[in-house]
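Inspection log for the structure reproduced underneath, given as structure tokens.
The values are calculated or read from the model by the stated rules, or taken from the named source; none is laboratory data. Worth saying up front: this structure is predicted, and the values here are computed from it rather than measured. All Cβ positions, even for glycine, are placed from backbone atoms using ideal geometry, and neighbour counts span all protein chains on display.
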Amino acid sequence: MPSSTKILYFLLSAMLTAISIGLLGYAMSTTWSKTLMDCEGFGTNNGSAEITMGLFSGNLVRNTCPSFGSEETFPVFPALSAIEITPLVLHGLCVGLLAVCFLTSALSILISFYNSVSNPYETYMGPNGIYTCSSISACSSVLVIIIYVLNLLLTKMQEELVPSIADISNVELTHKRLEVRLGYFLLIPYAVLSLLAILFIYLYDHAAYTHRREQERPTEDAPKEIMMY
């Protein structure tokens with residue numbers, strides 16, 4: 001049976017990871033970005049277009065762009081598949097990495113609970129398993145933070161989505177203004193909590209290692225004459 005100290009540290013690690021999964025789940029269900037663009041058609045200014053996007057659904061609001069206004073909700077993946085391939089690939093990569101975050105965080109919780117009720121000798125089911133899973137979670141979320149912004153800044157995703165979704169032509173979208181929303185920012189505390197889960201296990205592992213070394217030291221420091229008998 002594990003010691004009370006080990007139970008406490010591993011349960012705290014599991015709790016932090018569980019909170020991070022809750023944050024990640026909410027992040028994936030809410031909006032990630034909003035883009036406002038000026039709409040110019042037929043040589044004159046004709047209002048604006050605003051796209052609000054989550055990971056799986058989005059909303060397009062056109063204010064006389066180019067001549068009539070409307071509001072439309074659209075599924076993200078089908079809409080991206082109708083335009084250039086690069087935004088679709090990058091967006092799909094973000095969602096795939098977030099799925100990896102979910103999986104590795106869940107594995108980290110299971111390993112933490114297992115260690116809180118037993119003393120596994122298998123390396124992959126001990127602290128190393130939590131180090132690996134939580135590290136993958138944190139690194140994957142950081143990659144999503146980088147890739148998602150690059151997709152917004154370096155591609156013409158929003159400019160191509162507006163005419164594709166609204167089925168309009170002869171329109172030019174200029175002066176793009178980007179704003180990242182709550183779903184994107186929640187990846188930051190998710191990564192921090194994943195790293196804190198690693199820290200708790202490291203503190204326990206280091207303390208346990210130090211304790212074992214102190215117990216072995218009297219034998220190591222004993223005179224050779226005593227060790228012979």
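Of all residues in segment 67-92, those that are touching a residue at least 40 places away in the same chain (Cβ under 8 Å) have Cβ atoms under 7 Å from Cβ atoms of residues that are of a type in the set (D, E), 6 or more apart or on another chain, in I83/E160; E84/E160.
Listed here are the residues, each with its yes/no results for (1) closer than 13 Å to L173 by Cα; (2) of a type in the set (G, A, S); (3) modelled with pLDDT of 90 or more; (4) crowded, with 17+ Cβ neighbours inside 10 Å.
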residue: L16; (1), (2), (3), (4): no, no, yes, yes
residue: I19; (1), (2), (3), (4): no, no, yes, no
residue: G22; (1), (2), (3), (4): no, yes, yes, no
residue: N45; (1), (2), (3), (4): yes, no, no, no
residue: M53; (1), (2), (3), (4): no, no, yes, yes
residue: F56; (1), (2), (3), (4): no, no, yes, no
residue: V61; (1), (2), (3), (4): no, no, yes, no
residue: S70; (1), (2), (3), (4): no, yes, no, no
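Out of all the residues in segment 169-192, which are assigned to a loop (DSSP other than H, G, I, E, B) and crowded, with 18+ Cβ neighbours inside 10 Å? The one that is assigned to a loop (DSSP other than H, G, I, E, B) and crowded, with 18+ Cβ neighbours inside 10 Å: L186. Number of residues in segment 1-33 that are farther than 26 Å from S57 by Cβ and not in a helix (DSSP H, G or I): the value is 3.
So is A138 more than 21 Å from S81 (Cα to Cα), out of contact with any Lys or Arg (no Cβ under 7 Å at 6 or more places or on another chain) and buried (at least 21 other Cβ atoms within 10 Å of the Cβ) or not? The answer is yes for A138. No other residue among C101, C133, C94, C65 is over 22 Å from T31 (Cα atoms), out of contact with any Lys or Arg (no Cβ under 9 Å at 6 or more places or on another chain) and not in a loop (DSSP other than H, G, I, E, B) apart from C133. There is no residue in segment 136-149 that is in a loop (DSSP other than H, G, I, E, B), within 30 Å of E40 (Cα to Cα) and touching a residue at least 24 places away in the same chain (Cβ under 8 Å). Of all residues in segment 9-64, those satisfying the criterion of being without any contact (Cβ under 8 Å) to a residue 24 or more places away in the chain and aliphatic (A, V, I, L, M) are M15, M53, V61.
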